[in-house]
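The values are calculated or read from the model by the stated rules, or taken from the named source; none is laboratory data. Everything numeric here is computed off the predicted structure, so don't read it as measured data. Because the Cβ atoms are built from the backbone with ideal geometry, glycine has one as well, and the counts that use them run over all protein chains shown.
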Amino acid sequence: MAQKAIREYDGKALFSKQWEKYFSGFHYGFKSVLVSSGKELLAKAEEHGFEWLKQETLVAKPDMLFGKRGKNDLVLFKDKKVGDVTLAVAATWIDEKISHTTTLLTGQHGTLTHFIVEPFIPHTQEQEYYICATCVDEDDVLYMSAEGGMEVEDGWDDKVNQVIIPIDMSDADMEHAIKANIPSEIPPNSKDCFTAFAISFFHFYRDMNFAYLEINPIVMLKDNNTAILDLVSKLDDTAGFMMKDAWGDIEYPTPFGMEDQTVEEKAIAVADSKSGASLKLTILNPMGRVWTMVAGGGASVVYADTIADFAEANGGSVADLANYGEYSGGPTTSETKFYADTVIDLMTRHKDPQGQDKILIIGGAIANFTDVAKTFTGIIQSFEENHERMKEHNTKIYVRRGGPNYEIGLKNIKEAADRLGLNIEVYGPQTHVTDIVRMALEK
């Protein structure tokens, strides 16, 4: 499956185009514009059909295939500090953002060029829900939660219900499975409405040949009015020949910051674009001695900060951290091997200038639906091909992981490293998520 990410604007436009066919019992007032400057936004407001830009309180954010825009302080919306976001305020904010280079928490950097602007939707947190469909191995999987927003990933196992839907499952069985797994936390007066939307959502996802479709959050207001506040989607490009009429002229933009990437960063970005998983890599210092393979976007931030703090506290510097990135979302064994091959190749190109050992930290929180044993198989395969180079650089490996099949994964990677003569220490979820950083850098 060739998965290609599309802009939030295009995903919402596709929803709008197909709304009556799939969601006829609900109401969705699609109001959205995609612009590249404040001047273009002001001009758009003068066009017929876009008068709402001058009449309503607005929300503006970049639309460039990266997430966690709120945590990166890249969402302009009505609050106590900003007040109402008028057309003029949004245009000024956009022009300020395009005037300089932006660096994300992931380390990606570049110039913001595309922004989505929409009406501000007043609502309460209790009206926010989470829904997502994607392909995992040979099955489709639907995820649903009574809690939406940026924090839904915290406590995923407790908050999110998962429904595995094989490709050959009948519609009747699919609908029964969804109904049986609606989150119990959804209020009784909203449960029927959410159930109907979830079933329609899955039909839309599958019929439109999405590889990944996430709304976080979907807001459900009274009288079956709905609002799609944040949307992430990927299309199965192999279906493009038969979906031309349904999709229309869909753009597949270059991911943010990719223009300035190294060959290796671009290779990982290409692999990410074809995968339902998340594969990210930013090279901070190719001469650095501390390299990471971190599972999870949130965990990658925590590890980077911890490595920087411990390095400075133990006579090193922030420059010791060589890379930043993540592999998460259930990558396949081959995808994980490719990611590991890339990191290990970069790590073993240069000897440390001070003659110190190289450190490889394979860390992460407790996985939600990533099979740890399966991904570790990919890392083990990479060890088998690269162990001599790793030993030439006196590589010390520290592993901390939890999640599905983590015991098998830790056992297998320890036995493989010992067999190959690699120096390794492995820890499970009973060890604090960043303790391996302390162990590695204090030694």
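At a glance:
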item: Hey, I408 more than 29 Å from A319 (Cβ to Cβ) and among the aliphatic types (A, V, I, L, M) or not; result: yes
item: Odd one out for K4 among (1) charged (D, E, K, R); (2) in contact with a Phe, Trp or Tyr (Cβ under 8 Å, 6 or more places away or on another chain); (3) within 30 Å of I283 (Cβ to Cβ); (4) modelled with pLDDT of 95 or more; result: (4)
item: Options S334, S278, S317; residue that is among the polar types (S, T, N, Q) and within 15 Å of the chain's Cα centre (by Cα); result: S278
item: Helices (runs of 4 or more DSSP H) wholly inside segment 334-443 that include at least 1 residues being within 22 Å of P286 (Cα to Cα), of a type outside the set (D, E) and touching a helix residue (DSSP H, G or I) at 6+ places or on another chain (Cβ under 9 Å); result: 372-392, 435-442
item: Given (1) charged (D, E, K, R); (2) touching a residue at least 12 places away in the same chain (Cβ under 8 Å); (3) closer than 18 Å to A198 by Cβ, number of the condition E153 does not satisfy; result: (3)
item: Segment 157-187, residues that are in contact with a Ser or Thr (Cβ under 6 Å, 6 or more places away or on another chain) and in a strand (DSSP E or B); result: V160
item: Counted residues, segment 310-333 - those being within 15 Å of Q381 (Cα to Cα) and part of a helix (DSSP H, G or I); result: 1
item: Verdict on D171 being without any contact (Cβ under 8 Å) to a residue 40 or more places away in the chain, farther than 20 Å from I218 by Cβ, out of contact with any helix residue (DSSP H, G or I) (no Cβ under 7 Å at 6 or more places or on another chain) and surrounded by fewer than 15 Cβ atoms within 10 Å (Cβ to Cβ); result: yes
item: Residues of segment 270-303 that turn out to be surrounded by fewer than 24 Cβ atoms within 10 Å (Cβ to Cβ), in a helix (DSSP H, G or I) and in contact (Cβ under 8 Å) with a residue 24 or more places away in the chain, as a count; result: 7
item: Unmet criterion (only one of (1) more than 23 Å from the chain's Cα centre (by Cα); (2) of a type outside the set (S, T, Y); (3) under 22 Å from I379 (Cα atoms); (4) crowded, with 21+ Cβ neighbours inside 10 Å) for L346; result: (4)
item: Hey, Q125 within 17 Å of the chain's Cα centre (by Cα), modelled with pLDDT under 95 and of a type outside the set (F, W, Y) or not; result: no
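Yes/no matrix, rows are residues, columns are (1) over 30 Å from Q356 (Cα atoms); (2) of a type outside the set (F, W, Y); (3) out of contact with any Asp or Glu (no Cβ under 9 Å at 6 or more places or on another chain):
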{"site": "A239", "(1), (2), (3)": "yes, yes, yes"}
{"site": "A246", "(1), (2), (3)": "yes, yes, no"}
{"site": "T254", "(1), (2), (3)": "yes, yes, yes"}
{"site": "V263", "(1), (2), (3)": "no, yes, yes"}
{"site": "G276", "(1), (2), (3)": "yes, yes, yes"}
{"site": "A295", "(1), (2), (3)": "no, yes, no"}
{"site": "A299", "(1), (2), (3)": "no, yes, no"}
{"site": "S317", "(1), (2), (3)": "no, yes, yes"}
{"site": "Y324", "(1), (2), (3)": "no, no, yes"}
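For every residue, the table says whether it meets (1) within 27 Å of S278 (Cα to Cα); (2) at pLDDT below 95.
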{"position": "V85", "(1), (2)": "no, no"}
{"position": "V89", "(1), (2)": "no, no"}
{"position": "S99", "(1), (2)": "no, no"}
{"position": "Q108", "(1), (2)": "yes, yes"}
{"position": "I116", "(1), (2)": "yes, no"}
{"position": "G149", "(1), (2)": "yes, yes"}
{"position": "I165", "(1), (2)": "yes, no"}
